Amino acid sequence: MTGRFDWRGQGGHTEASTKAIVFVVEDDISMRRSLTNLFRSVGLEVVAFGSAREMLQSTMPDVTSCLVLDVRLPGLSGLDYQTELARLNIHIPIIFITGHGDIPMTVRAMKGGAVDFLSKPFRDQELLDAVVAATERDRKRREAQRTVANLKSLFETLSPREQAVMKLVATGLMNKQVAAELGLAEITVKIYRGHVMKKMRARSLADLIRMSETLGISANHTEQTQV
């Protein structure tokens, strides 16, 4: 399926200024209204749709969010929509709701990364608890993405030689070993290493190693060194 699904900031929505949004896809009008009222009653922002296709054709604000998704929908089913979102690289946490669930459905949904699979009728608190868990998962994912993006920006400020020094230092090599690897004088490696620490805003070697692991540029090495 194709659509013009566009996941981005809209109308001034930003991660810092907008509270979490609960998206609802439910074809039953009364149920959709009930869910909307429930979430708004506890101060949540809600955007509701009657079908998966309707949501796919919408421009969505790129903020912390989750999706409450009915399994049985006209056109694209909830489970197929989960697959489509994954194909589009949209990682919104999903809570499935259904009045006709079975074990195979539940297994498929959970293997696809769903936060929960609730059978109707369910308790309001049960759904609210799932929404809290889902939005917290999305918040942590977004924080991790921002951390990686910030580290990548810092790493890109390093010269090619500084990047090479960082990669080797992060494996646990001592300065003289790094010097031998790169064909440099040890004092030159020390200077490059100082630049790396400053530019990456690393407070210690352990800090630099964690950054390298987050960026995926370090290798396993058991040797230790001193900053």
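Okay, here's what the table says:
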read-out	value
Neighbours by Cβ (under 8 Å, 6+ apart or cross-chain): first from the range 165-189, not assigned by the TED database to the domain that holds Lys199; second open to solvent by 20 Å² or more (accessible area, probe 1.4 Å)	none
Subset of the range 104-148 [aliphatic (A, V, I, L, M) and within 16 Å of Ile92 (Cα to Cα)]	Ala109, Met110, Ala114, Val115, Ala130, Val131, Val132, Ala133, Ala134, Ala144
Test set (1) at pLDDT 95 or above; (2) assigned to a helix (DSSP H, G or I); (3) open to solvent by 70 Å² or more (accessible area, probe 1.4 Å) - Val178 fails condition number	(3)
Residue within the range 142-155 that is closer than 30 Å to Val42 by Cα and buried (at least 16 other Cβ atoms within 10 Å of the Cβ) present	yes
Filter result for Leu69 (among the aliphatic types (A, V, I, L, M) and at pLDDT below 95)	no
Any chance Asp207 is surrounded by 12 or more Cβ atoms within 10 Å (Cβ to Cβ) and closer than 30 Å to Val22 by Cα	no
Only one of Thr135, Thr188 that is part of a helix (DSSP H, G or I), open to solvent by less than 30 Å² (accessible area, probe 1.4 Å) and of a type in the set (Ser, Thr, Tyr)	Thr135
Where Val63 falls short, out of the listed (1) touching a Phe, Trp or Tyr at 6+ places or on another chain (Cβ under 6 Å); (2) open to solvent by less than 30 Å² (accessible area, probe 1.4 Å)	(1)
Leading residue by the ranking (nearest to Arg53 (Cα to Cα)) among those in the range 1-43 that are of a type in the set (A, V, I, L, M, F, W, C) and at pLDDT below 50	Met1
Qualifying positions in the range 155-172 - at pLDDT 95 or above and outside any helix (DSSP H, G or I)	Glu156, Thr157, Leu158, Ser159
Residue ID - nearest to Leu56 (Cα to Cα), chosen from residues in the range 92-132 that are in contact (Cβ under 8 Å) with a residue 12 or more places away in the chain and assigned to a helix (DSSP H, G or I)	Ala109
Test set (1) closer than 22 Å to Leu56 by Cα; (2) in contact (Cβ under 8 Å) with a residue 12 or more places away in the chain - Asn89 fails condition number	(2)
Residue in the range 76-88 that is modelled with pLDDT under 95, of a type in the set (Val, Ile, Thr) and surrounded by 13 or more Cβ atoms within 10 Å (Cβ to Cβ) present	no
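Residue by residue, here is whether (1) at positive phi; (2) touching a helix residue (DSSP H, G or I) at 6+ places or on another chain (Cβ under 6 Å); (3) in the same structural domain as Ala134 (by the TED database) holds:
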position	(1), (2), (3)
Gln57	no, no, yes
Cys66	no, yes, yes
Gly75	yes, yes, yes
Asp80	no, no, yes
Ile92	no, no, yes
Thr98	no, no, yes
Ile103	no, no, yes
Thr106	no, no, yes
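The values are calculated or read from the model by the stated rules, or taken from the named source; none is laboratory data. Predicted model only: the values in this text are computed from it and were never measured. Note that we place each Cβ from the backbone using ideal geometry, even for glycine, and neighbour counts take in every protein chain shown. SASA here: full protein model, heavy atoms, side chains in, ligands and nucleic acids out. Shrake-Rupley method; radii C 1.70, N 1.55, O 1.52, S 1.80 Å.
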